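K.L.:
My questions all concern the structure below.
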Amino acid sequence: MSLVSDLTPSGVKLGMLKLRSNILEEDKNGQKEDLELVDRVVFVNQGKGVDFKLDENCVLMFRDRASVPDVLELKKQILEEGHRSCLSIHPRVTKMHQDLKRFFWWPGMKKDITEFGYACLICQKFKIEHQKHSPHQKLVHQKLTSSYVLKDIRS
């Protein structure tokens with residue numbers, strides 16, 4: 001993904017994401033091998049695909065988002081691209097989901113993004129370092145450490 005600018009009547013719009021073309025090409029090729037997506041293409045051709053349509057490049061789209069086939073490597077590539085792009089290095093799970101759902105769709109996408117985000121050691125380290133504790137959590141922590149210290153002194 002890369003930064004793209006767009007000239008509008010009111011100024012310049014920055015921060016749009018442009019996907020690498022090979023991801024969309026792999027998506028298109030993978031759609032031909034995913035039996036569920038092939039069935040959806042048949043429904044679209046019969047006029048029965050309510051939320052699905054084929055774009056000008058014959059890519060199956062779900063509500064204007066590319067339908068991603070059930071190909072683990074392709075999903076992993078999309079997740080890595082969205083998670084480690086130069087625009088949003090290691091975004092939180094919610095931000096990553098918001099960014100990717102603008103372009104892609106697959107069943108269980110939010111779950112896959114959540115698992116991917118929680119598996120990132122850099123993100124987990126950052127989360128622990130910047131985690132805010134409520135006053136109640138601090139009090140419980142102090143009580144636990146105080147009782148441990150008292151117990152240790154008495155022993």
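K.L.:
Is it the case that some residue within the stretch 52-67 is surrounded by 14 or more Cβ atoms within 10 Å (Cβ to Cβ), in contact with an Asp or Glu (Cβ under 6 Å, 6 or more places away or on another chain), within 30 Å of L121 (Cβ to Cβ) and at pLDDT 90 or above?
P.N.:
Scanning the stretch 52-67 turns up at least one residue that is surrounded by 14 or more Cβ atoms within 10 Å (Cβ to Cβ), in contact with an Asp or Glu (Cβ under 6 Å, 6 or more places away or on another chain), within 30 Å of L121 (Cβ to Cβ) and at pLDDT 90 or above.
K.L.:
What strands (runs of 3 or more DSSP E) completely inside the stretch 35-75 contain at least 1 residues that are within 15 Å of K101 (Cα to Cα), in contact with a strand residue (DSSP E or B) (Cβ under 6 Å, 6 or more places away or on another chain) and basic (K, R)?
P.N.:
65-67
K.L.:
Looking at L14, L3, L24, L87, can you tell me which residue is at pLDDT below 90, of a type in the set (A, V, I, L, M, F, W, C) and in a loop (DSSP other than H, G, I, E, B)?
P.N.:
Exactly one residue qualifies, and that residue is L87.
The values are calculated or read from the model by the stated rules, or taken from the named source; none is laboratory data. Quantities reported herein were computed from a predicted structural model and do not represent experimental measurements. Cβ sites come from the backbone with ideal geometry, for glycine too, and all protein chains shown count toward neighbours.
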